[in-house]
Structures are given as C-alpha cells and as structure tokens.
There are 2 protein chains.
Amino acid sequence: MRIIKASLSAAACVAMLTASVTANAAEPEDAINYRQSALGVMGWHFGPIADMAKGDIDYDADEFARRAQNVSDVSRLPWEGFVDGTYQDDGHGVDTDALAKIADNPDDFEKKQKALIDEAEKLADVAQQGDFKLARAQLSTVGKTCKSCHDDYRAE
Amino acid sequence: MRIIKASLSAAACVAMLTASVTANAAEPEDAINYRQSALGVMGWHFGPIADMAKGDIDYDADEFARRAQNVSDVSRLPWEGFVDGTYQDDGHGVDTDALAKIADNPDDFEKKQKALIDEAEKLADVAQQGDFKLARAQLSTVGKTCKSCHDDYRAE
C-alpha cells in the first residue's frame with residue numbers, strides 16, 4: 001500500500017513536470033508537442049557537432065561523442081508522436097509541418113525512421129573512436145537520413 | 001571537400017528540424033525551451049509507466065521496460081539548459097518555473113540531477129527483469145527524486 005501511494009505521488013510529480021508535454025496523448029496537440037520536443041532535443045545535440053564538422057567550432061572528441069550518443073538515444077523517440085489525426089490539414093488547429101501523406105505511407109516513413117536510428121547509432125559508435133574525419137563522414141550520413149525524410153514528408 | 005559540403009547540408013537540415021529548439025543556445029529562451037522539451041519528453045515516457053504502477057492501465061513488461069529505458073536516457077539531458085540568466089525573474093520574459101535559487105546552489109542542484117539519473121538507470125535495469133512489484137518500487141524511488149528537486153527549485 002505504501003508503494004502504491006508513493007507511485008501515485010510520483011505520477012503527480014510527473015504531472016507537474018509535464019506542463020507542456022502530456023503523457024498518454026489523448027489529444028493531437030499532445031502528440032505534436034511531444035514529437036516536436038523530441039526532434040528539438042535531438043537538434044540541440046546535433047547542432048554543436050555539425051558546427052564542429054563545419055569547422056565553426058573546434059573539434060572536441062569527448063564532446064562530439066557525448067552529443068552523438070544523445071542524438072542516437074533520442075533518435076528512437078519522436079516517432080510515436082506521428083499518429084493519425086496529427087498531420088497538416090487534419091483539423092486540429094496546431095502548427096505542424098508534418099504532411100498528411102505520412103499516414104498514406106507508413107512503411108516508407110518507418111523505413112526512414114529506421115535509417116536515422118541506425119545511422120545515428122553508428123555515429124555514436126564511430127564518435128567514440130575520436131577520429132574527426134570518420135565522425136564527420138558519419139555525421140554527414142546521418143544528416144542525409146534527416147533530409148531524405150524531410151524532402152518527402154515535411155512541408156517546405 | 002565533398003564531406004564538408006555534405007556536413008553543411010546536414011547542418012542546414014538540422015536548422016530546419018529545430019524550429020522550436022535551437023542548438024548552441026545563444027538566448028535564454030533557447031535554453032529554457034530545450035530543457036522544457038527534454039523534461040516533457042521524459043514525462044511523456046514516465047506517464048504510462050506511472051499509470052501501470054497505479055493500476056490505471058495493465059502492466060506490460062516490455063512496454064514498461066522500453067519506456068523506463070527512455071526515461072533513463074533522457075534523464076541525462078535537461079540539465080545543460082539550466083544556465084545563468086534563464087531562471088525566474090532573470091528578465092528574459094520567458095515563462096519558466098525554474099527558481100533563481102538554482103544559481104545559488106549549483107552543487108545541490110547537481111546532486112539532485114545525479115539522484116534522478118542514477119535512480120532512472122536502476123529503473124531501466126530493474127524493468128528488464130519484468131517483475132512488476134520491483135519495477136513499481138523503483139519507479140516510486142525515481143518519482144521521489146523528481147519531487148525532491150521540485151520542492152526546492154521549482155515554483156509552486
């Protein structure tokens with residue numbers, strides 16, 4: 001009984017924590033907010049390593065590896081927020097660039113998710129080696145998986 | 001040269017991706033948006049396992065384990081968004097519940113982060129065993145680490 005009470009309090013705690021993203025999405029805006037948050041978190045970590053790849057900031061092998069691992073971890077997450085009724089023109093009134101054609105091409109959309117997840121995992125592994133050229137090349141491959149999906153399923 | 005071009009295109013791709021969360025925060029709102037997104041993503045995954053713990057939904061060992069791993073992975077991420085100049089009353093004009101006293105107690109704040117990260121990692125491990133009572137007990141422990149930090153550093 002004590003455990004159950006504590007769990008309830010944990011849930012209440014999470015309810016406080018999730019002011020902007022609600023677990024167990026009942027509403028399209030929750031799913032949209034969730035996926036945009038997850039993609040944004042991934043982008044936050046991708047940004048500095050892309051800057052290193054471009055030479056805009058110095059290569060820091062540890063920092064590159066840490067952020068690459070974060071990109072890989074988060075790359076698995078956004079996709080459960082892409083559900084029917086949450087795309088552009090689905091009448092939910094929430095701002096989203098996710099095209100409705102995602103719903104018509106679930107296999108291809110999933111294939112593109114998997115490409116990102118797989119290549120991001122390779123990036124995290126390669127980054128551990130601390131070889132800038134290898135890491136940069138794999139980062140480029142990851143970027144191409146982003147672009148491949150955006151080209152088909154994201155509004156211009 | 002080809003690799004560098006590809007990396008640039010990857011960066012451009014991420015720029016598109018991060019409409020709402022910008023890497024390499026230059027502005028307080030970027031850091032606030034980032035940390036709120038990361039905490040929200042964590043809450044999204046915590047929610048359904050808290051619902052299982054409460055008995056509101058059926059226990060699904062695989063689903064519990066998957067979401068517990070996600071909570072653990074994301075638990076490491078929000079903290080770099082808590083930086084000076086991003087707290088309540090710091091004059092940035094962004095809505096945040098993060099109290100300015102965080103800046104005065106960096107060691108304690110970091111200790112509380114570490115408690116969450118450590119207990120969430122244990123949760124991910126325990127959840128793998130598929131024992132509901134053990135997983136529920138550890139979820140409660142994780143919830144207490146949330147609450148401990150909120151009690152001290154989050155606005156009512």
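Determine if the range B:132-152 includes at least one residue that is part of a loop (DSSP other than H, G, I, E, B), over 13 Å from B:Val71 (Cα atoms) and free of Cβ contacts under 8 Å to residues at least 60 places away in the same chain.
Restricting attention to the range B:132-152, the residues satisfying the condition of being part of a loop (DSSP other than H, G, I, E, B) are none.
No, every residue in the range B:132-152 fails to be part of a loop (DSSP other than H, G, I, E, B), over 13 Å from B:Val71 (Cα atoms) and free of Cβ contacts under 8 Å to residues at least 60 places away in the same chain.
Suppose we keep only residues that are open to solvent by 20 Å² or more (accessible area, probe 1.4 Å) and among the polar types (S, T, N, Q) within the range A:132-144. Which one would you say is farthest from the other protein chains (Cβ to nearest Cβ)?
Checked the range A:132-144; the qualifying residue farthest from the other protein chains (Cβ to nearest Cβ) is A:Gln138.
Can you name the residue in the range A:51-68 that is more than 9 Å from every other protein chain (Cβ to nearest Cβ) and not in a helix (DSSP H, G or I) and is also surrounded by the most Cβ atoms within 10 Å (Cβ to Cβ) among such residues?
Looking at the filtered set, the residue picked out is A:Tyr59.
In the range A:120-131, how many residues are open to solvent by less than 40 Å² (accessible area, probe 1.4 Å) and either under 20 Å from A:Arg35 (Cα atoms) or assigned to a loop (DSSP other than H, G, I, E, B) (or both)?
Total satisfying the criteria: 2.
Can you pull out the residues in the range B:69-105 that are part of a helix (DSSP H, G or I) and farther than 19 Å from B:Gln36 by Cα?
Hits for the range B:69-105 are B:Gln69, B:Asp104.
Whether any residue in the range B:91-110 is in contact with a Leu (Cβ under 9 Å, 6 or more places away or on another chain), within 12 Å of chain A (Cβ to nearest Cβ) and among the β-branched types (Val, Ile, Thr) is what I want to check.
no
Residues of the range B:5-50 being modelled with pLDDT under 55 and not in a helix (DSSP H, G or I), which ones?
Once the filter is applied, which keeps residues that are modelled with pLDDT under 55 and not in a helix (DSSP H, G or I), the range B:5-50 yields B:Thr18, B:Ala19, B:Ser20, B:Val21, B:Thr22, B:Ala23, B:Asn24, B:Ala25.
May I ask you to say which residue of A:Pro48, A:Pro28, A:Pro106 is under 25 Å from A:Gly130 (Cα atoms) and surrounded by fewer than 21 Cβ atoms within 10 Å (Cβ to Cβ)?
Matching residue, one of A:Pro48, A:Pro28, A:Pro106: A:Pro48.
Output yes when any residue across the range A:87-103 is basic (Lys, Arg), in contact (Cβ under 8 Å) with a residue 40 or more places away in the chain and open to solvent by 40 Å² or more (accessible area, probe 1.4 Å), and no when none is.
Yes, the range A:87-103 has at least one match.
The values are calculated or read from the model by the stated rules, or taken from the named source; none is laboratory data. Being a predicted model, the structure only gives us computed values, none of them experimental. Note that we place each Cβ from the backbone using ideal geometry, even for glycine, and neighbour counts take in every protein chain shown. Protein only, heavy atoms only, side chains kept; ligands, DNA and RNA dropped before computing areas. Shrake-Rupley method; radii C 1.70, N 1.55, O 1.52, S 1.80 Å.
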